[in-house]
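This report refers to the structure that appears directly beneath it.
The values are calculated or read from the model by the stated rules, or taken from the named source; none is laboratory data. Note that the coordinates shown come from a computational prediction; the quantities given were computed from them, not determined experimentally. Quick reminder, even Gly has a Cβ in these numbers, built from the backbone with ideal geometry, and neighbours come from all protein chains shown. Keep in mind that these areas ignore ligands, DNA and RNA; they rest on the heavy atoms of the full protein, side chains included. Shrake-Rupley method; radii C 1.70, N 1.55, O 1.52, S 1.80 Å.
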Amino acid sequence: MDISVIIPLYNEEESLPELHAWIQRVMDENHFSYEVIFVNDGSTDGSWKVIEQLSKQHPEVKGIKFRRNYGKSPALFCGFERAQGDVVITMDADLQDSPDEIPELYRMIRMNGYDLVSGWKQKRYDPLSKTIPTKLFNATARAVSGIPNLHDFNCGLKAYRQEVIKNIEVYGEMHRYIPYLAKNAGFNRIGEKIVHHQARKYGTTKFGLNRFVNGYLDLITLWFLSKFGVKPMHIFGFLGSLMFIIGFFSAGAIGIHKLYDLYAGNPYRLVTDNPYFYLSLTTMVIGTQLFLAGFIGELIARNAPERNKYQIEKEL
C-alpha cells in the first residue's frame, strides 16, 4: 500500500464527506493505493455515523472510535499503530489542510529520502491572538529541539516513512513535537514544505490559548527527557554536589571567621546567631536532596524495561 492517511477528529461531521471526496479524487488522479483512517476522538455529534456510512460505501475507509475525548496525541498513536502504508500522511479534519499537497509530500518521502516532512502554513487565516503566540512557540521549539529548518512544528499536515511512526511513541500532548520525537529516535532527515492553509469552513476551533502554556511545559519535559532521561544523576547529582559544596564551604568560612575573631580578641557572635549559617545549612540540605533524587532516578532508569532499547537501522 502506498499511503495511509490518518485523520484525528472531534465534532467534524459536516466536513468529513467533503474531505473524503477530496482525498479520493487526489488519490485516483495519482493512481495511489491507499487507506483513510478516521480516529473519532469522543465526538458528541454525528461524526461516527458519517464514518460508518463512508466505510460501507468505500472499502479504503477505516474508523477508530474512542469512548471519550482523549486528545490528538492518543488519536495519532492509535492511527499510527494501524497504518499500513509505506508513507503515512496526517491531516486535520476541518478542511484547513489541503489533500492536494499529498502527492508532493509523498514524492519528498519516497524520492528525496526524507524521514519526515512537516507542512508550513506560511500564510495563515487565523486571528492575531493565535498567530503571534504560534510564532513565539515555534521559535522556542526550534531553539530547544535543534531543528532550525522547521517553521511550524504543530502543523497537522505531515508525511512520514512508515518506519518513523512505528518507532516513536506519541503520548500526552506530544503531537506538537513529533519532529523532535523523530529526531531523538534517530530519524534526522527532516524536511519542510510550504502548504496551503484554508479558512475553516465548518464548526469552530477545538483548541484554546491554554495549549500554548501546555506546549511550553511539554517542550521542557521532552528536552529534559532527551538529555537526562537515562542519566538523571548527570543533572541532579551535579547540581546537588555543587550546592552541597557551596553550603559546606560557606559554613566553614563562617566558622573560620569566628575563630579569627576569638584569636584576635575582636568582638564576635555565636555561629548560630549568624543568618548566613542557616542559609549554608539549607543549601547543603537541598544539595543532598538533589543528589538523592538523582540516585533514585538512576535506580529507576536501571530497572526500566526499555533501558537497552536502541534504534538499529541495519544489521548484517
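Step through the table entries Lys72/Lys158; Lys183/Lys231; Lys49/Lys183, compare each Cα-Cα distance with 26 Å, and write down the pairs that go over it. Provide the component values of the computation, followed by the final result.
On the way: Lys72/Lys158 14 Å; Lys183/Lys231 19 Å; Lys49/Lys183 38 Å.
The pairs that break the limit, which is 26 Å between Cα atoms, are Lys49/Lys183.
Ranking Tyr278, Tyr260 by solvent-accessible area of protein heavy atoms (1.4 Å probe, all protein chains present), from largest to smallest, gives Tyr260, Tyr278.
The modelled label-to-label distance between Glu29 and Leu279, using points 7 Å beyond Cα along the C-beta direction, is 7.0 nm.
FRET efficiency for Leu270 and Lys135, Cβ-Cβ distance as r, R0 = 45 Å, nearest 0.05?
Numbers: r = 58 Å, r/R0 = 1.28.
Computed FRET efficiency for Leu270 and Lys135 comes out at 0.20.
The range 2-19 and the range 54-84 have Cα centres spaced 9 Å apart.
Calculate, in nm to one decimal, what Asn188 and Lys56 gain on full extension: separation in residues at 0.36 nm each, minus their alpha carbon distance.
My answer for the length gained is 43.5 nm.
Nearest-5 percent of antiparallel DSSP beta bridges in the chain? Mind showing how you got there, number by number?
Numbers: 8 of 29 bridges.
Approximately 30 percent, going by the DSSP bridge assignments.
Within the listed set Thr134, Thr282, Thr272, the Gaussian network model of the chain (springs between alpha-carbon atoms below 10 Å) gives the highest mean-square fluctuation for Thr272. Neighbours of Phe66, meaning other residues whose beta-carbon lies under 13 angstrom from its beta-carbon, give a summed charge of +3 when Lys and Arg score +1 and Asp and Glu score -1. Distance between the 7 Å Cα→Cβ label points at Gln122 and Asn149: 1.5 nm. Against the main long axis of the alpha-carbon atoms of the chain, helix 275-302 sits at an angle near 40°. Note on the range 132-176: along the principal axes its Cα atoms extend 32, 23, 20 Å, ordered by decreasing extent.
Shape class for the range 1-152: oblate, because the ratio a/c of the largest to smallest gyration tensor axis (alpha-carbon atoms, square roots of eigenvalues) is 1.5 or more and b/c is at least a/b.
Distances between placed amide hydrogens fall under 5 Å for Val36 paired with Val5, Val61, Lys62, all partners being 5 or more residues away or on another chain.
Using 0.36 nm per residue and subtracting the Cα-Cα separation, the extra length available between Leu292 and His234 on full extension is 19.7 nm.
Potential lengthening of the chain between Asn214 and Tyr70 amounts to 50.3 nm, from the contour at 0.36 nm per residue minus the alpha-carbon distance.
If you add up the charges near Tyr268, with Lys and Arg at +1 and Asp and Glu at -1, over every other residue whose beta carbon is less than 14 angstrom from its beta carbon, what do you get? Please report the intermediate quantities before stating the final value.
On the way: positive: Lys258, Arg269; negative: Asp261, Asp273.
Net of charged neighbours comes to 0.
Let me have the 222 nm mean residue ellipticity of the chain computed from DSSP H runs of 4+ only, each contributing -39500 (n - 2.57), with the sum over all residues rounded to the nearest 500. Walk me through the numbers before you get to the answer.
Details: 10 runs with 154 residues, N = 316.
Calculated at 222 nm, the ellipticity per residue is -16000 deg cm²/dmol.
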